[in-house]
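Undergrad: The structure that follows is given in the form of structure tokens.
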Amino acid sequence: MTTEQFSEQDKMDITSRLRRIEGQIRGLQRMVDDERDCVEIVQQLAAARAALDRAGSVMLASGLRCCLAETKLDRRTQDRVETTLGALVALRT
């Protein structure tokens, strides 16, 4: 599976998340350079890690949707899969 199989909306969401994470990392670098309090830095590191986890969950769910789109599932099963994928992403959001 490649990212070119993702929907445009999923690509935009993932890219947006990664850009925000990039900004968080730059902010962390500034905090270290400015010799900010270690507790503040660790809190921001935890936030950046959580953001990466959420981006990974969105990417995983999108990838699974692409794979499942190629299979023949009845409507009820499709709905259950979509609900489960939504729950997976919600856990990380």
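Undergrad: For residues in region 68-85 being surrounded by fewer than 11 Cβ atoms within 10 Å (Cβ to Cβ) and either in contact with a Pro (Cβ under 8 Å, 6 or more places away or on another chain) or not polar (S, T, N, Q) (or both), which is farthest from residue 5 (Cα to Cα)? Explain how you work it out, then say what you get.
TA: The initial filter retains those residues of region 68-85 that are surrounded by fewer than 11 Cβ atoms within 10 Å (Cβ to Cβ), namely 70-72, 74-76, 83.
Among the residues that remain, those that are also either in contact with a Pro (Cβ under 8 Å, 6 or more places away or on another chain) or not polar (S, T, N, Q) (or both) are: 70, 72, 74-76.
Values: 70: 11, 72: 18, 74: 22, 75: 22, 76: 24 Å.
Here the answer is 76.
Undergrad: How many residues are modelled with pLDDT under 80 and part of a helix (DSSP H, G or I) if we restrict to region 67-81?
TA: Summing the residues that are modelled with pLDDT under 80 and part of a helix (DSSP H, G or I) in region 67-81 gives 3.
Undergrad: Right, something else. Test residue 50 against the criterion of being of a type outside the set (Ser, Thr, Tyr) and closer than 27 Å to residue 67 by Cα, and give yes or no.
TA: Details: of a type outside the set (Ser, Thr, Tyr): yes; closer than 27 Å to residue 67 by Cα: yes.
Taking the combined requirement at face value, the residue satisfies it.
Undergrad: Could I ask something else about it? Any idea which residue in region 3-52 is surrounded by the fewest Cβ atoms within 10 Å (Cβ to Cβ), counting only those that are basic (Lys, Arg) and touching a residue at least 12 places away in the same chain (Cβ under 8 Å)? Spell out the reasoning first.
TA: To start, the set of residues in region 3-52 that are basic (Lys, Arg) comprises 11, 17, 19-20, 26, 30, 36, 49.
Within this subset, residues satisfying the condition of being touching a residue at least 12 places away in the same chain (Cβ under 8 Å) are 17, 20.
Numbers: 17: 17, 20: 13.
Step by step, filter region 3-52, then rank; the result is 20.
Undergrad: Another question about this same structure. Can you tell me which residues in region 53-62 are of a type in the set (Gly, Ala, Ser) and surrounded by fewer than 17 Cβ atoms within 10 Å (Cβ to Cβ)? Walk me through it before giving the result.
TA: Kept after step one, since they are of a type in the set (Gly, Ala, Ser), are these residues of region 53-62: 55-57, 61-62.
Hit for region 53-62 is 56, nothing else.
The values are calculated or read from the model by the stated rules, or taken from the named source; none is laboratory data. All values derive from a computational prediction rather than experimental measurement. Note: ideal-geometry Cβ built from the backbone for every residue, glycine included; neighbour counts use all protein chains shown.
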